[in-house]
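Undergrad: Just passing along the structure, written as structure tokens.
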Amino acid sequence: MNRRRQARGLTWRQVAEQAGISYETLRAIRKGEQAGGDLTRRGLERALQWETGGFEIAEAGGEPAVLAEPTAPEVPEPAAAPPSDPQVEAILTILDGLPARVREEVVRRLGGQLPPGVQGRKAS
């Protein structure tokens with residue numbers, strides 16, 4: 001983990017932030033005091049840009065595969081929603097109140113379930 005963190009030019013605090021975990025949790029995992037659950041492990045893989053399963057490979061002493069290119073949340077630009085659709089406007093209002101990182105993750109995860117006009121739209 002340390003080699004990959006250094007290769008990405010990150011501090012341990014930045015790794016924890018990008019993984020969506022606390023610095024204390026990351027420190028406990030690094031010291032072997034805690035194993036970390038699946039969500040924590042996947043978050044660390046995302047932060048370190050390892051392929052899925054990379055955490056377990058590193059834990060066993062192996063060298064995890066690095067993703068081909070950095071992963072950045074990508075939100076496609078859809079056609080504009082009709083301004084009179086109250087459901088779309090309500091969802092966009094909720095999304096506007098979220099931090100950008102959380103908003104992008106919600107849109108990514110729920111993209112196919114969102115009404116037309118919301119899916120992939122960047123709320124401002």
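Coordinate-derived values only; no laboratory data. Because the structure is predicted, anything quoted here is derived from the model rather than measured. FYI the Cβ positions are ideal-geometry reconstructions off the backbone, even for glycines, and counts take in every protein chain you see.
Undergrad: What is the packing order of peptides 18-25, 90-97, 38-45, taking the mean over residues of other C-beta atoms within 10 Å and listing the highest first?
TA: Ranked by mean Cβ neighbours within 10 Å, highest first: 38-45, 18-25, 90-97.
Undergrad: Mind giving me the FRET efficiency for residue 102 and residue 65? R0 is 25 Å, r the Cβ-Cβ distance, nearest 0.05 is fine.
TA: Efficiency computed from Cβ-Cβ geometry: 0.35.
Undergrad: Report the label-to-label distance for residue 17 and residue 51 in nanometres (one decimal), using points 7 Å from each Cα along the Cα→Cβ vector.
TA: Label at residue 17, label at residue 51, 3.0 nm between them.
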